[in-house]
Amino acid sequence: MLTTRQLFGFLKSDEASGAPSERTAQEAADAMNRAEGTMRETQKILQQQAQQTKTLSVFTVVTTMFLPLSFATSVRCLPSQDEYFLTRIPISISA
């Protein structure tokens with residue numbers, strides 16, 4: 001049978017005893033910090049999306065209210081057919 005010294009002969013004795021667990025703990029802590037950072041960034045993005053959704057909703061409501069009003073005032077300001085022919089034809093004939 002092989003002994004642990006023969007299996008891990010390429011490692012020094014202090015590296016074989018403590019390094020892997022310390023390294024693993026450090027890697028786990030680093031992974032946890034990266035995960036927390038990613039969660040914070042995700043929360044910021046979700047908050048920005050919520051604000052944009054509210055802004056777009058207000059814009060849609062305002063646009064929906066003013067579009068028919070704009071159309072109605074444009075139609076109301078158009079001259080009738082009688083007014084158009086009485087006022088436009090003499091100008092085009094004289095020019």
With r defined as the distance between the Cβ atoms of Arg76 and Gln48 and R0 fixed at 41 Å, what FRET efficiency is calculated, to the nearest 0.05? 0.45
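Report the local net charge at Glu36: Lys and Arg +1, Asp and Glu -1, summed over other residues whose C-beta lies under 14 Å from its C-beta. Intermediate values should be presented prior to the final figure.
Values: positive: Arg34, Arg40, Lys44; negative: Asp30, Glu41.
Net charge around Glu36: +1.
Laboratory data are not the source of any read-out in this text; all were calculated from the coordinates shown. What you see is a predicted model; the values in this text were computed from it and never measured. All Cβ positions, even for glycine, are placed from backbone atoms using ideal geometry, and neighbour counts span all protein chains on display.
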